[in-house]
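Worksheet: the structure to be examined is printed underneath.
The values are calculated or read from the model by the stated rules, or taken from the named source; none is laboratory data. What you are looking at is a predicted structure, and each value in this text was computed from that prediction instead of being measured. Neighbour counts are summed over all protein chains in view; Cβ atoms, including those assigned to glycine, are modelled from backbone coordinates with ideal geometry.
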Amino acid sequence: MEINRNNIFHLLKKCDIHPSKDFGQNFLVDSKLCKKIVDSLNIGEGEKVLEIGPGLGSLTHFLLETSNKNINVVDVDPNMIAFLNVFYKEAGINIIENDIRKEDISSYDKIIGNLPYNITTELITYLLLNAKRCKKFVLMTQLEAYNRFSDIKGKEYGAISVLVHMLGDTKKLFNVGKGSFVPSPKVDSIVFEINVSEDVNREEAASIYKLAKSLFLNRRKTLYNNLARHLGNKELAANLIEEMGLKPTVRPEELPPESFKKLYFLIKSVEKK
């Protein structure tokens with residue numbers, strides 16, 4: 001069933017549904033945008049697809065219009081699950097009630113979703129570390145959060161961006177105004193994609209992310225101070241920084257993702273000795 005501005009309020013009233021602030025629920029009511037988001041996923045024949053937080057099925061409707069029928073949807077809200085079971089029970093999709101952070105997502109080829117604003121970074125980290133087969137993510141979140149995943153320098157740059165760039169690349173698709181939702185959020189949103197490289201080593205990327213996370217823990221401190229704490233060895237930290245050709249005063253946010261990769265392998269080579 002297509003969700004739009006003409007039927008949303010009738011549905012909410014009829015089904016006695018009240019958007020939950022705890023679950024960060026804002027229902028997308030622009031059907032053209034919904035189709036555009038789903039089309040961006042480029043679903044192939046036989047690919048296993050996961051939708052996160054379907055809510056009333058704004059995207060689900062258009063997922064079902066694709067030729068692919070291997071679609072699962074996961075929502076933590078029992079009210080949304082009840083709604084989906086009424087309107088999509090016969091549609092052939094698998095409707096799962098669970099917190100996505102507790103769901104096994106290792107078998108999905110592509111993942112799509114409008115992410116709750118309050119757990120965006122945590123959720124994307126979980127997806128990138130655990131969706132081990134996923135080739136492409138198409139996600140929507142608040143506009144200001146996007147820089148955390150795309151920047152490779154500056155105050156928004158952090159470990160999650162290092163992880164994204166170790167796995168592949170991220171690309172902004174289009175903005176979504178707050179007026180496209182019911183209820184309207186306080187900020188505009190953005191739809192973006194993360195494409196995972198074919199030859200990526202996911203275990204290696206996860207290890208580099210863990211290192212970067214440790215080194216970004218105290219952003220105001222230098223790389224040397226953070227690395228010395230991480231290694232428990234000041235002399236080794238100084239030697240590694242010198243070997244990388246860096247100044248002792250450099251900060252983690254000044255290093256491109258590839259430098260974290262180089263540092264990871266230097267540490268690994270020392271540990272083998």
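One residue is enough: does segment 140-153 have a residue meeting the conditions within 15 Å of the chain's Cα centre (by Cα), in the same structural domain as HIS18 (by TED's automatic domain parsing), modelled with pLDDT of 95 or more and over 23 Å from ASN70 (Cα atoms)?
No: zero hits.
Those residues that are touching a Phe, Trp or Tyr at 6+ places or on another chain (Cβ under 9 Å) and either of a type in the set (Lys, Arg) or more than 12 Å from LEU263 (Cβ to Cβ) (or both), I need them from segment 211-246; list them, please.
PHE216, LYS234, ALA238
Filtering segment 1-54 down to residues that are among the acidic types (Asp, Glu) and either in the same structural domain as ILE93 (by TED's automatic domain parsing) or closer than 22 Å to LYS102 by Cα (or both), which residue is farthest from the chain's Cα centre (by Cα)? I'd like the intermediate steps shown before the answer.
Step one: of segment 1-54, the residues among the acidic types (Asp, Glu) are 2, 16, 22, 30, 39, 45, 47, 51.
Next, only the ones that are either in the same structural domain as ILE93 (by TED's automatic domain parsing) or closer than 22 Å to LYS102 by Cα (or both) stay: 16, 22, 30, 39, 45, 47, 51.
Details: ASP16: 31, ASP22: 19, ASP30: 22, ASP39: 18, GLU45: 24, GLU47: 19, GLU51: 12 Å.
Filtering segment 1-54 for residues that are among the acidic types (Asp, Glu) and either in the same structural domain as ILE93 (by TED's automatic domain parsing) or closer than 22 Å to LYS102 by Cα (or both), the one farthest from the chain's Cα centre (by Cα) comes out as ASP16.
Name the pairs whose Cβ atoms lie under 6 Å apart, with the first residue in segment 248-259 and hydroxyl-bearing (Ser, Thr, Tyr), the second outside any helix (DSSP H, G or I) and surrounded by 15 or more Cβ atoms within 10 Å (Cβ to Cβ), and 6 or more positions between them or separate chains?
Every condition considered, the pairs that remain are THR249/THR222.
Here is a yes/no grid of residues against (1) surrounded by fewer than 22 Cβ atoms within 10 Å (Cβ to Cβ); (2) under 19 Å from LYS21 (Cβ atoms):
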| residue | (1), (2) |
| --- | --- |
| GLY113 | no, yes |
| GLU122 | yes, yes |
| TYR126 | yes, no |
| LEU129 | yes, no |
| PHE137 | no, no |
| LEU143 | yes, no |
| ARG148 | yes, no |
| ILE152 | yes, no |
| VAL162 | no, no |
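If I go through segment 222-270 residue by residue, how many of them are more than 29 Å from the chain's Cα centre (by Cα) and of a type in the set (S, T, N, Q)?
Here the count works out to 5.
Would you say LEU129 is in contact (Cβ under 8 Å) with a residue 40 or more places away in the chain, touching a helix residue (DSSP H, G or I) at 6+ places or on another chain (Cβ under 6 Å), over 25 Å from PRO185 (Cβ atoms) and not β-branched (Val, Ile, Thr)? Step through it out loud before you land on a result.
Details: in contact (Cβ under 8 Å) with a residue 40 or more places away in the chain: yes; touching a helix residue (DSSP H, G or I) at 6+ places or on another chain (Cβ under 6 Å): yes; over 25 Å from PRO185 (Cβ atoms): yes; not β-branched (Val, Ile, Thr): yes.
It is true that LEU129 is in contact (Cβ under 8 Å) with a residue 40 or more places away in the chain, touching a helix residue (DSSP H, G or I) at 6+ places or on another chain (Cβ under 6 Å), over 25 Å from PRO185 (Cβ atoms) and not β-branched (Val, Ile, Thr).
Would it be correct to say that VAL73 is among the β-branched types (Val, Ile, Thr) and either part of a helix (DSSP H, G or I) or in contact (Cβ under 8 Å) with a residue 40 or more places away in the chain (or both)? Full working, then the answer.
Numbers: among the β-branched types (Val, Ile, Thr): yes; either part of a helix (DSSP H, G or I) or in contact (Cβ under 8 Å) with a residue 40 or more places away in the chain (or both): no.
In short, no.
Cβ-Cβ below 6 Å, separation at least six or inter-chain, first residue in segment 97-114 and part of a helix (DSSP H, G or I), second surrounded by 14 or more Cβ atoms within 10 Å (Cβ to Cβ) and not acidic (Asp, Glu): which pairs?
ILE100/ILE52; ILE100/VAL74; ARG101/TYR126
Give the residues of segment 3-27 that are surrounded by 12 or more Cβ atoms within 10 Å (Cβ to Cβ) and farther than 18 Å from PRO116 by Cα, sorted by residue number.
Here is the first cut: in segment 3-27, the residues surrounded by 12 or more Cβ atoms within 10 Å (Cβ to Cβ) are 3-5, 7-8, 11-12, 15, 17, 19-20, 23-27.
Answer for segment 3-27, where residues must be surrounded by 12 or more Cβ atoms within 10 Å (Cβ to Cβ) and farther than 18 Å from PRO116 by Cα: ILE3, ASN4, ARG5, ASN7, ILE8, LEU11, LEU12, CYS15.
Among the helices (runs of 4 or more DSSP H) contained in segment 180-273, which hold 3 or more residues that are under 23 Å from ASP151 (Cα atoms), not assigned by TED's automatic domain parsing to the domain that holds TYR126 and not hydroxyl-bearing (Ser, Thr, Tyr)?
Output list reads 202-215, 223-231, 257-272.
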